[in-house]
1. Specify which residue in the list A:651, A:628, A:418 is farthest towards the positive end of the charge dipole of chain A, using unit charges on the beta carbon of Lys, Arg (+1) and Asp, Glu (-1), about the Cα centre.
2. Report, as an integer, the average count of C-beta atoms from other chains found within 10 Å of each Cβ along B:33-41.
3. Which whole number gives the average count of other chain Cβ atoms within 10 Å of the Cβ atoms across peptide B:48-56?
4. Counting each DSSP H run of 4 or more residues in chain A as -39500 (n - 2.57), what helix-only mean residue ellipticity at 222 nm follows after dividing by all residues, to the nearest 500 deg cm²/dmol?
5. For A:490-500, what's the mean count of beta carbons from other chains sitting within 10 Å of each residue's beta carbon?
6. Which order, highest average first, do A:203-209, A:86-92 follow once you tally other Cβ atoms within 10 Å for each residue and take the mean per peptide?
7. Using modelled backbone amide H atoms (1.01 Å from N, in-plane), which distant-in-sequence or interchain residues come within less than 5 Å of residue A:108's amide H?
8. Dipole of region A:174-266 (Lys/Arg Cβ +1, Asp/Glu Cβ -1, origin at the Cα centre): which of A:242, A:219, A:266 lies farthest to the positive side?
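What follows is calculated from the coordinates using simple rules that are stated; it is not laboratory data. The structure presented is a predicted model; accordingly, all values stated were derived computationally and were not measured. In this analysis, Cβ positions are derived from the backbone assuming ideal geometry, glycine residues included, and neighbour counts consider all displayed protein chains.
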Amino acid sequence: MQTIALVGNPNSGKTTIFNALTGTNQHVGNWPGVTVEKKEGIIKFQNREYSVIDLPGTYGLGGYSEDEAIARDFILKGDHDIIINVVDATNLERNLYLTTLLMEMGAKVIIALNMVDDAEKRQIKVDYERLSKELGIPVVPTVASKGRGIDQLMQKTAETIGRKNHIRDISYGKEIDEKVAFLKDIIERHQIDREYPSRWLAIKLLENDEDVIGKYQDNAAFKEGVLAEVKKTTDEILATSGMEPEMVILDKRYEFINQVVSKAVVRPKEEIDTISDKIDRVVTHKYFGIPIFALIMFIIYQLTFTIGQDILGEALAGGIEKLGELVAGWLEAVNSPEILNLFIIDGLFGGVGAVLEFIPLIMVMYMMFGILEDSGYMARAAYIMDRSMRALGLHGKTFISMIIGTGCNVPGVMSTRTLENKKDRMIAILINPFMSCGARLPIYMVFIAAFFPKHGGLVLFSLYAIGIIVALTMGKIFSKVFRGEESFFIMELPPYRMPTIKGIGLYMWEQVWSFVHRAGTVIFLVVSLLWILSILPYGVEPYSEDSILGIIGSFIAPIFRPAGFGTWQASVGLFAGIAAKEAVVGTLGMVYAGVEEGARLITSIQGVFTPLSAYAFLIMSLLYTPCAATIATIYKETNSKRWAWFSAVYTFLIGWTGAVLVYQVGRLFGLA
Amino acid sequence: MEIRTLDSLAVGEKGIITGINGGRTATIRLFEMGFNRGSEVCIVKNDIGPIIVSLAGSKIALGWGLARKIMVQLKEPSMQNAEAWDKGGMKYADNSISR
Ligand SMILES: Nc1nc2c(ncn2[C@@H]2O[C@H](COP(=O)(O)OP(=O)(O)OP(=O)(O)O)[C@@H](O)[C@H]2O)c(=O)[nH]1
């Protein structure tokens, strides 16, 4: 099977093209750095199958950050038969830089000239036939988001894959060209076993590319024969031009690009002050930026609450309850064994059902996040937060990973790959779990419904805000502890786009599906397992303190007494939450469902918690040890068991301290 | 014309990049993202927080540290233009470099 690799700048539309080609639904977002790992898919075209690889966006082949390094390594390895270089038509000068690097490599390339609709709107005229001729690369115009040009792109790709290259060599000026040719000769004469074309190797050596040089470190012939010549040549160029060869080469690449662009692109004289600018003037305003962001978030939580919970959620909860009663009646009618009844009614309906009730809420919340993401606002949020982040010694992009963490901490932790600096990345990983993810929502909702029904939006907002504040505070502490060089901030702000139904729907579906999926797998397993523990040893009163589960819970419970929720049920719930956060509600639902016949979780906990201890419990749930999947991701990303353990333990301590503080201080003020 | 650092430009001012005065990594990074010699940048925002510039049709936010490394030649002294604008809606002088 032949392999097609998608390569391009961040936010140029690679993933959209990937989805259009393979019919998959990978996450697309209107900001740079959505894709941070390599994704594979299959396309069948004219009875042949091709493997398609979506790579993280990259501006060059320097591989400065983890995600760019993934793209770079893949491209250099050369395990592909053709590269589709996705190029943003509104932004050719900058996008073509990567193209020139691909051309130098002698890779087989075809250009998908994407976003031609945007270009048209902004009156940027691209003569793509001319562009193709100037570069020696086939060019296919596309509007990936509307699926236009995708067939032609695939047609052209299939044609080009079997053909010889016609790519033009880029000239770096007479002097460098001669030196390149000279080095190329030397490389060939030394017959070094190499995977790359010799001209490219010569250029990279002149550019002093450490990775490439490192590859041949152990090769004696290379070291003595070639590197010495490179050094001499470099000095000569430095002497005549007064510039490092790599700078000269960089310059010349852009010179080449400018020539091409001047022939193939006509831009309007004055860029029209677009709506984009007007919106930006407001949302990135120096005083109003952060309040606007806070307001948007508050509105989202308020709407989530009223629409997702009070209207839709109640309806679904009622439905699940009715179904439970129906099934209970039916089970009795068919005389099924008592133990099975217990499991189905308490374990499934009481436990897993309590989790599923929150589907509408997840839908509404992530629909709104989807709108924010698709519109391009998220990158602005990162921008306005940069100043505060910097004051805390954090990198502005850390905030992006924090926002992604509000969906789920797993992609949140992974998105830190875009941070170039090791220190920044480490901090971003360690503070991500404090960002409240979707799986924690059910816990909040149950307790809000039971204790704070009038101030739902406010309580929800306070939890998210506390999560952010704790994350930033810990970030500040870590930035003092870790050492590392100073890092710089640079980020493209994508143009605002009208969010599409499809984009929002996809985003929402992704969240809902993973929620339902976990409910059916992890949560089901955990609840089942705990259910068994709660009816054993045989003959014990189910769900009582004397069951194995009760004994375990009672053993843990004392440590939560200072926080006001030292019951064995709460302890077991929190413990289960380490498997997956929804399990907290699942477990509570199960253990309380069995105690009072037919009582809903909300009414059960009203007798056990007070508003104050409930809020303390929420703080604990927000901050304590992340779920197993997140810990595993932290292990994978840091490549260190120690950090994974550390993140599990220190978050627990912080959660506990926070809960105790809330409870004790609250009591001092006479709250209960 | 005078050479200044990018961070010293005011909103609306345009400059042509003449060079980057920084370490190797920063320099290459900036080049890769389009801050190469000869390209035109226009300041969109420069108050607190990172500077926003428009560059070849896209908007880029960059921190002060980086902005200070970018040397530009001022293209349109904005005061003059702003005055011209105030005095009866004269059009901006058309001295944009044709590509
Ligand atoms: N107007 C328009 N928008 C597009 C087109 N193609 C993609 N988009 C939008 O551009 C944004 C970025 O698309 P992605 O596919 O996520 O870009 P990417 O290159 O994979 O981005 P990274 O994952 O950050 O590297 C999304 O909001 C898309 O909906 C197009 O042809 N026209």
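1. After comparing all options, I get A:418.
2. Working: counts 8, 11, 2, 10, 5, 4, 5, 1, 0.
Shielding by partners across B:33-41 averages 5.
3. Details: counts 6, 13, 12, 1, 7, 0, 4, 4, 8.
Counting Cβ atoms of other protein chains within 10 Å of each residue's Cβ and averaging gives 6.
4. Working: 32 runs with 391 residues, N = 672.
It comes out at -18000 deg cm²/dmol, rounded to the nearest 500.
5. Details: counts 13, 8, 8, 7, 2, 3, 0, 0, 0, 0, 0.
That average works out to 4.
6. Details: A:203-209: 20.9, A:86-92: 25.9.
Answer by packing, highest mean first, reads A:86-92, A:203-209.
7. Excluding prolines and chain starts, which carry no amide H, the hits are A:83.
8. Of A:242, A:219, A:266, it is A:266.
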